[in-house]
Amino acid sequence: MDIQLKRGVLEICVLSAMQNEDAYGYKIIKDLSPFMDVSESTLYPILKRLEQSGCVTEYSVEHNGRLRKYYRITETGLDRISEFLNDWDSVMRAYHFIKGDGNNDKN
Amino acid sequence: MTKIEYLKELKRALKPITRVEREKSLAYFSEVIDDRMEDSIPEETAVAELESVSAAAERIIAEAKAQGQLKPKLSVWEIILIVLGFPLWFPLLLTVAIVVFTMYGLVWILIGSLFITSISLVIGGVAVIFGMFFAAGLAPAFACLGAGLVCAGLGVALFVPALFFVRAFAKATPVMWNKLINREEVKNNG
């Protein structure tokens, strides 16, 4: 997959992983693992980017005598997801066109 | 590889990025390993399942580069200023270093003196106790015994705080050294 496209999709997946509840690094990886391969070192830069673009905020909570960083999705983050879903319709139309599904229908 | 070894290597590999970013990255990886271990994964496996240090560092550095979080490099003017200012800053730096090392040495000398006092008191005390056999009469012999016991007792009593100070200062030395180095790093970053 094209790197830019993959990066964009990964960012949305990470955002989606915290859509229902705030999440921490390891939880995001576990939630995403049935759908895609994401390593800790791939996730870290994504979280940093999302935070810098205002899509998520972070806060620390004490857990078992140590600090655990939680990420919370913001309004901007939620907008990013819906934007992506809207854009995806046009991507899918292009996908069907590329695959030649429309031509098959005619035949 | 243990968690500490992984983090140590990562820290070394992340030298090109700013200290704040480095600490953040290390905190993230430390947390991820802890979470894995809490998930009943043995430490060695938890670390082995992570990407290699070099691969992880490469990603972090690439992202830091994109976000302008690499350590600033010295400009030509700064290098010229440092070279020209050498006669001024070098003696100052040397003086500060000498003062710091002298103070550090002074503390060891004080602790050493405490040790020597303690040992001298014990040796002296024992010698005085033996001296009782050569005393002329019973009263001076008992006086020798008493004085000897007091000296030796004081010596033994002093040995305990002397040992405590040695241990405490030996432990404090690496901590102080690390703080000194880190402060230098913060200054360099600022």
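Readers should treat all values here as calculations from the given coordinates under stated rules, not as data from a laboratory. Since the model is a prediction, treat every value here as computed from it, not as a measurement. Please note: Cβ atoms are built from the backbone with ideal geometry, for glycine as well, and neighbour counts cover all protein chains shown.
Can you compute the FRET efficiency between residue B:27 and residue A:94 using 1/(1 + (r/R0)^6), with r the Cβ-Cβ distance and R0 = 45 Å? Round to the nearest 0.05.
0.60
If each residue of separation counts as 0.36 nm, what is the full-extension length gain between residue B:78 and residue B:149 once their alpha-carbon separation is subtracted?
18.8 nm
Could you please rank B:108, B:89, placing first whichever residue has the fewest other Cβ atoms within 10 Å of its Cβ?
B:89, B:108
Could you give the dipole magnitude of chain B about its Cα centre, charging the beta-carbon of Lys and Arg +1 and that of Asp and Glu -1, in debye to the nearest 20?
I would put it at about 840 debye.
Can you tell me, using C-alpha contacts under 8 Å and at least 6 residues apart, the relative contact order of the stretch B:1-56 as a whole percent?
53
Which listed residue (B:132, B:17, A:16) has the Cα farthest towards the positive end of the charge dipole for the protein assembly as shown, taking +1 on Lys and Arg C-beta and -1 on Asp and Glu C-beta about the Cα centre?
B:132
Listing B:164, B:134 from the residue with the fewest other Cβ atoms within 10 Å to the one with the most, what is the order?
Going from sparsest to densest Cβ surroundings: B:134, B:164.
Mind checking the dipole of the stretch A:10-107: about its Cα centre, +1 per Lys or Arg Cβ, -1 per Asp or Glu Cβ, Debye to the nearest 20?
260
Treating the beta-carbon of each Lys and Arg as +1 and of each Asp and Glu as -1, no other charges, what is the dipole magnitude of the stretch B:76-189 about its Cα centre, to the nearest 20 debye?
The calculation lands at about 200 debye.
Using only Cα atoms, find the angle between the long axis of helix B:3-13 and the longest principal axis of chain B, and express it within 0 to 90 degrees, rounded to the nearest 10.
60
Please check which bits of the stretch A:47-66 a label hung off residue A:78 would reach, taking the label as a point 7 Å along Cα-to-C-beta and the cut-off as backbone N under 14 Å.
A:55-57
May I ask you to derive the relative contact order of chain B, considering only C-alpha pairs under 8 Å and at least 6 residues apart, and to give it as an integer percent?
This gives 19 percent for chain B.
Please give the Cα centre distance for the stretch B:101-115 versus the stretch A:1-52, rounded to the nearest Å.
Going from one Cα centre to the other spans 56 Å.
What number comes out for the charge environment of residue B:54, summing +1 per Lys or Arg and -1 per Asp or Glu over other residues with Cβ under 12 Å away?
Within the 12 Å Cβ shell, the charges total -1.
As a quick test, which of the pairs A:30/B:11; A:6/A:69; A:30/B:179; B:73/B:171; B:65/B:171 have an alpha carbon distance above 30 angstrom in this structure?
A:30/B:179; B:73/B:171; B:65/B:171
Compute the relative contact order of the stretch B:76-189 as a whole-number percentage, counting only Cα pairs closer than 8 Å that sit 6 or more residues apart in sequence.
Computed value for the stretch B:76-189: 24 percent relative contact order.
Filter chain A for me: DSSP H helices, axial length by Cα at least 15 angstrom, mean Kyte-Doolittle hydropathy not below 0.5. List them by residue number.
What comes out of the filter, once short or polar helices are dropped, is A:3-17.
Between residue B:141 and residue B:97, what length comes free when the chain is fully extended (0.36 nm per residue of separation minus the Cα-Cα distance, one decimal in nm)?
10.4 nm
Taking the Cβ of each residue in A:80, A:72, B:12 as the centre, tally the other Cβ atoms inside 10 Å and list the residues starting with the fewest.
B:12, A:72, A:80
Does anyone have the angle between helix B:86-131 and the longest principal axis of chain B? Alpha-carbon axes, 0 to 90°, nearest 10?
30
Quick check on the protein assembly as shown: helices-only [θ] at 222 nm, where DSSP H runs of length 4 and up contribute -39,500 (n - 2.57) each and the sum goes over total residues. Nearest 500, please.
Rounded to the nearest 500, the figure is -26000 deg cm²/dmol.
Taking a ≥ b ≥ c as the square roots of the Cα gyration tensor eigenvalues, with a/c under 1.5 meaning rounded and otherwise prolate when a/b beats b/c, else oblate, which class fits chain B?
Here chain B falls in the oblate category.
With unit charges on the beta carbon (Lys/Arg positive, Asp/Glu negative), name the residue among B:90, B:112, B:145 whose Cα is farthest towards the positive pole of the charge dipole of chain B.
Of the options given, the answer is B:90.
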